[in-house]
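The values are calculated or read from the model by the stated rules, or taken from the named source; none is laboratory data. Remember, predicted model here, so these are calculated numbers, not experimental data. Positions of Cβ are generated from backbone atoms using ideal geometry, with glycine treated the same way; all protein chains shown enter the neighbour counts. Areas reflect the complete protein model, heavy atoms only, side chains present, ligands, DNA and RNA absent. Shrake-Rupley method; radii C 1.70, N 1.55, O 1.52, S 1.80 Å.
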Amino acid sequence: MEVIKRILAGRWLLHAMVSREIKSRYSGSLLGVFWLFFAPVLMILTYSLVFADLMKSRLPGVNSHYAYTMYLTSGMLVWQYFSEIISKGKLFLVENAGLLRKNKISKIIPLVSVVVIALVNSLVLAGFYFIFLIFLGSFSFEIIAIYILQIAVITLFAFSLSGLLALAHAYIRDVGQFVDAVMQLLFWATPIVYAPQILPPWAANYIYLNPVYWVSQLGQQVVLGWPIAWNWLFYSLLLSAALFVVFYIFYSKNIQKIMDDL
């Protein structure tokens, strides 16, 4: 595809944007990039201490002491990756308008850089999560395989959705604030901090209207030994592919006009 060729041609800018973002996050701090690793360790330890040890949180039908921690962290792996791409990706055209107008490069590169940075953060969290599972004796290579599938599908979905939102945000600036509010609601509509088994029957049916849950549930299922809902992964892949086609069509038809107007 032409868009891939143009992204590769502008990979120097992609590298520069990713490096600048990572360096700017930790510039001036004494520990520097150490904070990239400290945050996920602290999150897992907090989940273990607060939910497993202090609150004694348990999952229905699961006896493992740290089952809830595994369930919660697995869900957060997908959610944090997805939400970071959406929250920053929806702004990529407006925030980089000056740079994109001055350079004859693919206008999609800033969005790709958002995905790359979010992927780095997700991989770091996943690495410590896998170490945590090894310590508990609950690790298996199937968990890594499922994680890779989750990341592949949610990347396509989040990339396409944030791209469409960025196109809309270029015309209507209220889109940014609206999406932030919806993301708060979507988080609680995704069974991450609670198990779907505790929901009343009428509510349990509605959680499958949430595409993020189609993907996030797989990691929770594999780590707890529950049956894996492969059909929902297939549905999410179809939805993501269709969404990408829609984004690509709108992007191709409107990007030049948007650049002229910004």
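Run lengths n ≥ 4 of DSSP H only: what is the helix-derived mean residue ellipticity at 222 nm for the chain, with -39500 (n - 2.57) per run over all residues, to the nearest 500?
Numbers: 12 runs with 196 residues, N = 262.
After summing the helix terms and dividing by residue count, I get -25000 deg cm²/dmol.
For segment 182-251, just run the numbers: alpha carbon Rg, then divide by 2.2 N^0.38 Å, N being how many residues it has.
Numbers: Rg = 13.8 Å, N = 70, 2.2 N^0.38 = 11.1 Å.
Cα Rg divided by the expected 2.2 N^0.38 Å: 1.25.
Provide HIS169, HIS15 ordered by accessible surface of protein heavy atoms (probe 1.4 Å), highest first. Walk me through the numbers before you get to the answer.
Details: HIS169 15, HIS15 130 Å².
Descending accessible area places them as HIS15, HIS169.
Among residues other than ILE117 whose Cβ falls under 12 Å from its Cβ, what is the net charge (Lys/Arg +1, Asp/Glu -1)?
Numbers: positive: ARG20, LYS23, ARG25, LYS88; negative: GLU21, GLU84.
In short, +2.
Expressed as a whole percentage, what fraction of the accessible surface of the chain belongs to carbon and sulfur atoms when a 1.4 Å probe is rolled over the protein heavy atoms? Walk me through the numbers before you get to the answer.
Values: 9390 of 13470 Å².
Roughly 70 percent of what the probe reaches on the chain is carbon or sulfur.
What's the Kirkwood radius of segment 78-194 in Å, using all Cα pairs? Intermediate values should be presented prior to the final figure.
On the way: mean 1/r = 0.0637 Å⁻¹.
Computed over Cα pairs of segment 78-194, the Kirkwood hydrodynamic radius comes out at 15.7 Å.
Given the pairs LYS88/LYS253; LYS104/LYS257; LYS102/LYS253; LYS107/LYS257, which span a C-alpha to C-alpha distance of over 18 angstrom in this model? Intermediate values should be presented prior to the final figure.
Numbers: LYS88/LYS253 23 Å; LYS104/LYS257 15 Å; LYS102/LYS253 20 Å; LYS107/LYS257 12 Å.
Result: LYS88/LYS253; LYS102/LYS253 exceed 18 Å.
Using θ = phi - 60° and the Karplus curve 6.51 cos²θ - 1.76 cosθ + 1.60, what whole-Hz ³J(HN,Hα) does each residue of segment 241-248 get, with Gly and Pro shown as x?
5, 5, 5, 5, 4, 4, 4, 4
Would you work out the charge dipole size for segment 116-262 about its Cα centre, treating the Cβ of every Lys and Arg as +1 and the Cβ of every Asp and Glu as -1, and quote it to the nearest 20 debye?
Numbers: 3 positive and 5 negative charges, 22 e Å.
With only Lys, Arg, Asp and Glu charged at Cβ, the dipole is about 100 debye.
Rg over Rh of the chain, using C-alpha atoms and the Kirkwood radius, what does it come to?
On the way: Rg = 19.6 Å, Rh = 19.8 Å.
Result for the chain is an Rg/Rh of 0.99.
Find the accessible area per residue for segment 76-202; the probe is 1.4 Å, ligands and nucleic acids are left out, and the unit is Å². Mind showing how you got there, number by number?
Details: 5680 Å² over 127 residues.
It amounts to 45 Å² per residue over segment 76-202.
Which whole-Hz ³J(HN,Hα) couplings does segment 129-142 yield from phi under the Karplus relation 6.51 cos²θ - 1.76 cosθ + 1.60, θ = phi - 60°, glycine and proline marked x?
Those phi angles translate into 5, 5, 4, 4, 5, 4, 4, 7, x, 10, 7, 8, 5, 5 Hz.
Given just the C-alpha atoms of segment 114-262, how large is their convex hull per residue in cubic angstrom? Present the calculation step by step, with values, prior to reporting the outcome.
Values: hull volume 19.5 nm³, N = 149.
Normalising the Cα hull of segment 114-262 by residue number yields 131 Å³.
Mind ranking 250-262, 150-162 by how tightly packed they are, going by the mean number of other C-beta atoms within 10 angstrom, highest first?
Most protected by this proxy first, the peptides run 150-162, 250-262.
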